[in-house]
Amino acid sequence: MKRIIVLMLLTAFAMNGFSQNPEETPEQKTERMAWWTKARFGMFIHWGLYASPARHEWVKRYERMSNEDYEKYFEIFYPDLYNPQEWAKKAREAGMKYAVITAKHHEGFCLFDSKYTDYKATNTPIGRDLLKEWVEAFRAEGFKVGFYYSLLDWHHPDYTIDRNHPLSASSDEEYEKLNKGKDMDVYRQYIKDQVRELLTDYGTIDIIWLDYSFPTRKDYDHGKDHNDWDSENLLKMVRELQPDIIVNDRLDLLDVEGGWDFTTPEQYKVSKWPEKNGIRVPWETCQTFSGSWGYYRDEMTWKDTKQLLVLLIETVSKGGNLLLNVGPTARGTFDYRANEKLEEMGEWMKYNNRSIYGCTEAPADYTRPDHSLLTYNPETNRLYVHLLDYPMKWFTLKGYEGKVKYAQFLHDGSEIKFGKPRHNVTHQESKAKDDVILILPMVKPNVEIPVIELILN
Ligand code: GLC
């Protein structure tokens, strides 16, 4: 018992005593992340062999396939319509500013020409370094580029079988038998070698997404945590190779200073700006169009365009970023539904992006009118009211008296006049002294979500 306590204390000390980026001040961190914070909207891309079965990127695990079962997808991989310039153009027209692609996902297959494996795109019928072409195309379109690299690997012979593995077992004895002869040291070195390649051979990499840790807990056995990845040293190497890189939070280094740059709520909406020890932290929510990250032909739960726009606006209204995922097909194209959504979001962004880029949560003294979301640009001192449910002409901004100089619709720059409360009606809403009333056109402008731009005093 005593030994366990000492061990726990030592571990806690080691975790706290370890510090990544020790010399960086909070201001320097804000500065390093400034482009990302302003960008607000990025594209996630999940692409790998799982595009062929087309039924989720976890298909190997869900259907408990062995490497042999899965081999047919490697042998057939031939995305002949792959044109990353086209992808980049679509992402740009949707209003996205950065993009993150899966260099390797849990299946272990590499889109890049790694020296350390044969399990890579260059050895499939397509025979090309697809990642290199992607980086070049996206950079040329003005994107900041990032790599997702899976810490899990369901193909590597030394990666031990765990509870998430396609061949997961049901007893400790079975695990022991399955993992006999596997050497995680070899796999840990493999991660480092590949991440070094990714951060050396492809120029400046702006973001890295290392995914993910699933520690062993009481009722949640056979997991993997920072020890399994040697997260501390891995991250140290990452920061040495690319000092300005921005890193996600899935290395299981949450309590290590500098162990992560932003937090990653996945597939849900946060109720407020996430905090750590009472301090607001940079955050990015990653979301799918349809519930699956990899291309899933028969998945029908696609979000509609308004829902996606609200997701983006609401994220910014709480100070966060949205990384919205596309899962390209096995031919190398975007699914028609993804194209449709991207185009529709782009149509809105074309006229309204001023309420997104460079914006954040509104100062607390601006109350949120009914059925609306607020964002605020601290540099221009403009406040944006997003009308989710279009009001009836008289629109009250409670407590805004003396704060607003000018009001206009964002999409067409047309003036919105200030008004007085309605008279001669039985149930008159009385205007409090400090309210501002805007007179909106009765008919909703031809915009999915109209935005009022308030130029503040
Ligand atoms: C989860 C899933 C993975 C997906 C990722 C995106 O970690 O395992 O399939 O890539 O989330 O955030």
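The values are calculated or read from the model by the stated rules, or taken from the named source; none is laboratory data. From a predicted model like this one, the values you see are computed outputs, not experimental measurements. Heads up, the Cβs are rebuilt from the backbone with ideal geometry, glycines too, and the neighbour counts pull from every protein chain shown. These accessible areas exclude ligands, DNA and RNA; they are computed on the full protein's heavy atoms, side chains included. Shrake-Rupley method; radii C 1.70, N 1.55, O 1.52, S 1.80 Å.
What to note about this one:
- Qualifying position, being closer than 22 Å to residue 258 by Cα and not hydrophobic (A, V, I, L, M, F, W, C), among 218, 180, 236: 236
- Filter result (within 16 Å of the ligand (Cβ to nearest atom) and either in a helix (DSSP H, G or I) or at pLDDT 95 or above (or both)) within the stretch 192-221: 207, 208, 209, 210, 211, 212, 213, 214, 215
- Test: residue in the stretch 280-299 that is at pLDDT 95 or above, closer than 17 Å to residue 29 by Cβ, assigned to a loop (DSSP other than H, G, I, E, B) and open to solvent by 10 Å² or more (accessible area, probe 1.4 Å): yes
- Every pair of residues 6+ apart whose Cβ atoms lie under 7 Å, when the first sits in the stretch 211-223 and is assigned by TED's automatic domain parsing to the domain that holds residue 148 and under 18 Å from residue 105 (Cα atoms) while the second is within 15 Å of the ligand (Cβ to nearest atom) and of a type in the set (S, T, N, Q): 211/150; 214/164
- Qualifying helices (runs of 4 or more DSSP H) (wholly inside the stretch 38-147; at least 1 residues being within 14 Å of the ligand (Cβ to nearest atom)): 59-62
- Qualifying residue in the stretch 154-175 (condition: crowded, with 19+ Cβ neighbours inside 10 Å, out of contact with any Lys or Arg (no Cβ under 8 Å at 6 or more places or on another chain), aromatic (Phe, Trp, Tyr) and over 26 Å from residue 222 (Cβ atoms)): no
- Residue that is nearest to the chain's Cα centre (by Cα) [pool: residues in the stretch 219-270 that are closer than 26 Å to residue 291 by Cα and open to solvent by 50 Å² or more (accessible area, probe 1.4 Å)]: 266
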